Amino acid sequence: MSEALGSFDEAWNAVNQRREGEAVSSRLRPLLQSVYSEAICTPLRLSTLKHSLENLLNFLMLEGRTNANYWAVDLFIGIGEGWEKDWADQGLPEDFHDVFVRMGESLHDTIKNPEIARDHDCLPEQLLERAAKLNT
């Protein structure tokens, strides 16, 4: 993660890139912003973070099921360029931490290499199932 103080806009601009001519959905931005805001919130509001994660994953599972969207989320969480705080330093409970790690691991493989995403439990459906079980 970047050492400099960032912002959501900076983090969004770092991942809002076309993939093989495909644009990232404008509907993804507010969903990611909600997850971002809750992940760096002090004190943590786990029920609100869980709800934000579920909304994001529902979108990715259905209408947002595109390669560009998956890459954007994967990079947004996995690299975290431009974040004002590292989500991994927020002291998230282990089950929340695990969902974030998986989102930044192989979610980007969902369209082109679904077997890799599935084997790493990184398909949106698998992540949503984990998110639904998060303890708040």
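The values are calculated or read from the model by the stated rules, or taken from the named source; none is laboratory data. None of these values were measured; they are calculated from a predicted model. Cβ: placed from backbone, ideal geometry, glycine included. Neighbour counts: every protein chain shown. Accessible surface areas use protein heavy atoms only, side chains included; no ligands, DNA or RNA. Shrake-Rupley method; radii C 1.70, N 1.55, O 1.52, S 1.80 Å.
Regarding Ser47, is this residue hydroxyl-bearing (Ser, Thr, Tyr) and surrounded by fewer than 17 Cβ atoms within 10 Å (Cβ to Cβ)?
Details: hydroxyl-bearing (Ser, Thr, Tyr): yes; surrounded by fewer than 17 Cβ atoms within 10 Å (Cβ to Cβ): yes.
Yes: the conditions hold for Ser47.
Annotation note: of Ala72, Ala68, Ala39, Ala88, the sole residue that is of a type in the set (A, V, I, L, M, F, W, C) and open to solvent by 40 Å² or more (accessible area, probe 1.4 Å) is Ala88.
Under the condition of being open to solvent by less than 40 Å² (accessible area, probe 1.4 Å), at pLDDT 95 or above and more than 12 Å from the chain's Cα centre (by Cα), the residues counted in segment 8-36 number 2.
Among the residues of segment 105-118, which ones are under 21 Å from Lys50 (Cβ atoms) and buried (at least 20 other Cβ atoms within 10 Å of the Cβ)? So that I can check it myself, show each step before the final result.
Initially, segment 105-118 is screened for residues under 21 Å from Lys50 (Cβ atoms), giving 105, 107.
Leu107, the sole residue that qualifies.
Looking only at segment 119-133, which residues are surrounded by fewer than 21 Cβ atoms within 10 Å (Cβ to Cβ) and either over 20 Å from Arg19 (Cβ atoms) or of a type in the set (S, T, N, Q) (or both)? Asp119, Asp121, Glu125, Gln126, Leu128, Glu129, Arg130, Ala132, Lys133, listed by residue number.
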